[in-house]
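Below: one structure, written as structure tokens.
The values are calculated or read from the model by the stated rules, or taken from the named source; none is laboratory data. The structure displayed is predicted, hence computed values, not measured ones. Because the Cβ atoms are built from the backbone with ideal geometry, glycine has one as well, and the counts that use them run over all protein chains shown.
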Amino acid sequence: MAKQIKVSLIGNPNTGKTSVFNLLTGLNQQVGNYPGITVEKKEGICKLPRGVKAHILDLPGTYSLNASSLDENVVIEILLNRKDKDFPDVAVVVTDVENLKRNLLLFTQIKDLEIPTILVINMADRMSKTGISLDIPLLEKELNTKIALISARKNQGIDELKELILSYKTLPVKPCLNALSFDPDYFGRLQKAFPDQSLYKLWLVITQDVNFRKVEKKKLSISPDFEIKSESELKRFQQKETIKRYQFINQVLKKGLFVDEKSATGLRARLDRVLTHRFWGYFIFFAILLLIFQAIYDWSSYPMDLIDEGFAWLSESTKSLLPAGPFVDLITDGIIPGLGGIVIFIPQIAFLFLFISILEESGYMSRVVFLMDRVMRKFGLSGKSVVPLVSGTACAIPAVMATRNIENWKERLITILVVPFTTCSARLPVYLIIISLVIPDKKVGWVFSYQSLTLMLLYFIGFGGAVGAAWILNKVLKTKSKNYFVIEMPSYKVPLLKNVLINVVEKTKAFVFGAGKIIMALSIILWVFASFGPNDQFSNAEEIVTAEYPNLSQEELDQKIAAHKLEYSFIGYAGKAIEPIVAPLGYDWKIGIGIISSFAAREVFVGTLATIYSVGSDEDETIKNRMAAEVHPVTGTPLFNLASGISLLLFYAFAMQCMSTLAIVKRETNGWKWPMTQLVFMSVLAYSIALIAYQVLK
Ligand code: GDP
Ligand code: MG
């Protein structure tokens with residue numbers, strides 16, 4: 001394989017890095033994580049002229065090389081370490097022509113590392129509207145660099161950028177500033193102690209160690225006789241550095257950038273006033289949330305039903321085509337439904353990310369953050385947590401994925417951990433049937449029924465659980481994650497279709513291949529446990545049931561057999577084994593089986609009970625009637641009474657009964673630590689609350 005040119009895209013957030021990345025790589029991209037941390041790593045291949053290829057890395061958005069967050073630290077780690085496999089042959093710094101002054105700070109820092117650097121000035125299409133003009137040759141000379149003036153939106157200037165990448169060996173590497181100018185005394189001594197090292201690099205290693213104590217001093221060993229200043233002194237030097245850099249940038253831009261104020265339009269200011277208005281801002285945002293909610297809850301139910309039926313059909317026709325046997329059972333009852341259980345989420349994920357991408361792309365999301373941040377921050381959440389939390393009421397899977405937009409790791413983690421508290425749509429069937437059994441069908445006043453009030457209360461409990469848990473987690477979690485408050489207010493733009501579509505495709509792929517594997521594995525395990533038993537009560541179920549009920553029709557017999565098999569399967573035994581544990585909550589072993597198997601998805605609870613009570617397709621023998629007729633084996637009172645019913649409702653309100661959520665949290669947090677913590681915590685909480693409820697009410 002010919003050598004690929006290694007290119008890193010670096011830049012402040014919202015400068016169009018990802019748009020440039022998409023233009024360079026198209027769909028030739030993949031998303032992973034940096035080893036050991038949850039910062040997203042996007043890489044792809046770009047075809048350059050003359051058959052050369054470039055490997056493009058879209059680094060996390062960063063404001064400067066003075067790292068204060070995990071994301072930024074990734075960038076510094078790579079740039080400081082020439083041996084790192086991601087160390088670039090050429091650094092492409094992407095800037096926004098409207099924010100050039102602030103964006104150039106990072107550029108000058110990267111220049112000072114003496115890495116071959118190209119300066120991309122993006123959003124050139126905005127120049128005429130905002131009245132900006134640039135003297136490119138002068139800027140190139142003053143900044144010792146090559147400049148590509150492009151518009152990722154209009155697909156202009158990309159070929160020039162590719163040419164520059166191709167000729168990376170001829171790029172100037174002369175730095176912009178000399179670190180000595182920050183503080184001649186301190187930096188002079190530093191230079192003397194390490195005469196053969198790059199001064200600026202040394203400085204970055206020192207400050208990085210201050211900001212991230214855990215980072216090993218692997219790249220450069222600090223000499224024992226060079227005294228490292230106190231943290232506050234180093235911070236002071238960092239400030240001096242920033243001032244010097246801005247002085248340099250101001251002086252360059254004075255000569256090379258001109259703004260004709262008159263031609264700028266005031267549309268942005270007017271839109272901002274409405275969208276961040278104390279009333280209209282919230283009003284518009286909640287209207288948009290409603291639309292999103294409608295899409296993932298309602299509109300996606302059509303493709304989801306199709307997928308559901310499609311997989312059921314696939315399973316049935318496979319069954320009829322192939323000879324019966326355990327292997328075919330594995331395919332038709334284990335693998336195909338498992339696959340279906342993955343594919344079924346695609347419509348919701350696609351819809352949600354379609355909306356989120358549009359909101360982000362248009363620049364509106366930044367206004368939402370501005371609007372919601374103050375409220376959400378009290379609970380350790382971010383303004384951007386609102387979208388995941390609301391989406392969680394449809395399904396936790398897309399909701400957890402939507403937290404990726406939250407840059408701050410601690411806020412993102414808290415959001416991921418609390419999203420499963422919100423009442424997802426899979427809880428609804430469980431709630432509905434139990435409510436109809438145990439809550440009296442009476443009205444309070446004339447309009448509201450006890451039943452609908454209970455349902456509403458359960459939604460509130462879900463939301464309250466999420467916010468309360470966030471508040472506690474914010475106090476408890478020690479994760480280091482500095483929050484220096486920069487709200488980006490990019491200009492409004494019509495979303496780039498290409499960015500939106502790539503984002504939707506990529507999120508869907510990430511789910512299918514990331515979480516899909518775990519969902520598949522767990523559903524096969526659950527299938528095995530439900531389809532095999534340890535003894536001949538299971539294997540001889542047919543004979544046993546037929547002997548016991550000689551006079552039943554074939555259909556009724558089949559139901560009895562299915563119930564018998566489930567009772568003596570591994571899951572059945574597990575249900576009986578946990579009976580002593582769930583008895584204090586008012587449940588018996590049958591409910592125990594329901595709880596265990598509903599780990600596949602909560603709504604499975606109802607279906608499992610239908611099987612175990614051998615409910616047929618008979619009109620008047622509904623699952624509800626059967627459940628109502630069940631009596632408790634010990635007390636002889638109805639099994640589903642107010643106490644056990646409320647206890648069960650509360651159990652499902654707090655328990656993390658969903659392997660797909662577990663799988664997606666594993667993927668999004670890059671390890672088993674957080675999903676397991678979440679599983680244990682939520683299960684203990686659900687158990688305790690259900691226990692208290694039952695013991696008080698019984
Ligand atoms: P990143 O945060 O640096 O990865 O930036 P993105 O690629 O996500 O882009 C941020 C916003 O700028 C999006 O709304 C893009 O559609 C928009 N954008 C990107 N390139 C251009 C451009 O050349 N012109 C204009 N007008 N907008 C652009
Ligand atoms: Mg990006």
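General observations
- Among the helices (runs of 4 or more DSSP H) confined to the stretch 323-435, the ones with at least 1 residues that are surrounded by fewer than 23 Cβ atoms within 10 Å (Cβ to Cβ) are located at 326-329, 336-343, 346-361, 364-377, 386-391, 409-418.
- When the helices (runs of 4 or more DSSP H) confined to the stretch 596-698 are screened for residues that are surrounded by fewer than 18 Cβ atoms within 10 Å (Cβ to Cβ), those reaching at least 1 such residues are found at 604-612, 623-629, 642-654, 673-697.
- Helices (runs of 4 or more DSSP H) completely within the stretch 84-149 that count 1 or more residues being within 27 Å of Asn178 (Cβ to Cβ) and more than 30 Å from the chain's Cα centre (by Cα): 100-111, 136-142
- Annotation: of all residues in the stretch 529-538 being surrounded by 14 or more Cβ atoms within 10 Å (Cβ to Cβ) and not in a loop (DSSP other than H, G, I, E, B), the one that is farthest from the chain's Cα centre (by Cα) is Gln537.
- Being at pLDDT below 80, of a type outside the set (Phe, Trp, Tyr) and within 30 Å of Gln239 (Cβ to Cβ) holds for only one residue in Val39, Val74, and it is Val39.
Condition check ((1) assigned by TED's automatic domain parsing to the domain that holds Tyr364; (2) modelled with pLDDT of 85 or more; (3) within 16 Å of ligand 2 (Cβ to nearest atom)) across all residues:
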position	(1), (2), (3)
Phe463	yes, yes, no
Ala470	yes, yes, no
Val486	no, no, yes
Met489	no, no, no
Leu496	no, yes, yes
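- Of the residues making up the stretch 150-163, those that are in a strand (DSSP E or B) and either over 26 Å from Val494 (Cβ atoms) or touching a Gly at 6+ places or on another chain (Cβ under 7 Å) (or both) number 1.
- Checked against (1) within 18 Å of Gly281 (Cα to Cα); (2) under 13 Å from the mean Cα position of the chain (by Cα); (3) away from ligand 1 (no atom under 16 Å from the Cβ), Leu371 passes all but condition (2).
- Lone qualifier among Gly32, Gly51 - being more than 16 Å from ligand 2 (Cβ to nearest atom) and surrounded by fewer than 18 Cβ atoms within 10 Å (Cβ to Cβ): Gly51
- The listed residues are Leu457, Leu526, Leu552, and the only one of them that is modelled with pLDDT under 85 and either in contact with a Phe, Trp or Tyr (Cβ under 7 Å, 6 or more places away or on another chain) or under 26 Å from Ile596 (Cα atoms) (or both) turns out to be Leu526.
- Residue check for Ile288: within 16 Å of ligand 1 (Cβ to nearest atom), assigned to a helix (DSSP H, G or I) and either within 21 Å of Lys384 (Cβ to Cβ) or without any contact (Cβ under 8 Å) to a residue 40 or more places away in the chain (or both): no
- Qualifying residue in the stretch 81-89 (condition: under 27 Å from Thr669 (Cβ atoms) and either of a type in the set (Asp, Glu) or within 15 Å of ligand 2 (Cβ to nearest atom) (or both)): yes
- Of the candidates Glu227, Glu231, Glu241, the single residue that is modelled with pLDDT under 85, outside the structural domain of Leu106 (by TED's automatic domain parsing) and closer than 21 Å to Gln109 by Cβ is Glu231.
- Taking residues in the stretch 635-647 that are in contact (Cβ under 8 Å) with a residue 40 or more places away in the chain, and partners anywhere that are acidic (Asp, Glu), the pairs with Cβ atoms closer than 8 Å and at least 6 places apart or on different chains are Leu639/Asp588; Leu639/Glu630; Phe640/Glu630.
- Filter result for Gln191 (in the same structural domain as Lys254 (by TED's automatic domain parsing) and not in a helix (DSSP H, G or I)): no
- Note on the stretch 9-59: among residues that are of a type in the set (Val, Ile, Thr) and in a loop (DSSP other than H, G, I, E, B), the one that is farthest from ligand 1 (Cβ to nearest atom) is Val52.
- For the stretch 552-590, the set of residues classified as of a type in the set (A, V, I, L, M, F, W, C), in a helix (DSSP H, G or I) and more than 22 Å from Val528 (Cβ to Cβ) consists of Leu557, Ile581, Val582, Ala583, Leu585, listed by residue number.
- Within the stretch 355-384, residues that are within 16 Å of ligand 2 (Cβ to nearest atom) have Cβ atoms under 9 Å from residues that are of a type in the set (Phe, Trp, Tyr) and modelled with pLDDT under 85 in these pairs: Ser362/Tyr492; Gly363/Tyr492, counting only partners at least 6 apart in sequence or on another chain.
- Residue pairs whose Cβ atoms lie under 7 Å apart, sitting 6 or more positions apart in sequence or on different chains, and linking a residue in the stretch 119-138 that is β-branched (Val, Ile, Thr) to a partner that is within 16 Å of ligand 2 (Cβ to nearest atom) and in a helix (DSSP H, G or I), are Val120/Val20.
- Hits in the stretch 116-149 - residues which are under 11 Å from Pro172 (Cα atoms) and surrounded by 17 or more Cβ atoms within 10 Å (Cβ to Cβ): Pro116, Thr117, Ile118, Leu143, Thr145, Lys146
- First in the stretch 497-511 and outside any helix (DSSP H, G or I), second anywhere and surrounded by 18 or more Cβ atoms within 10 Å (Cβ to Cβ) and small (Gly, Ala, Ser), Cβ under 8 Å, 6 or more apart: none
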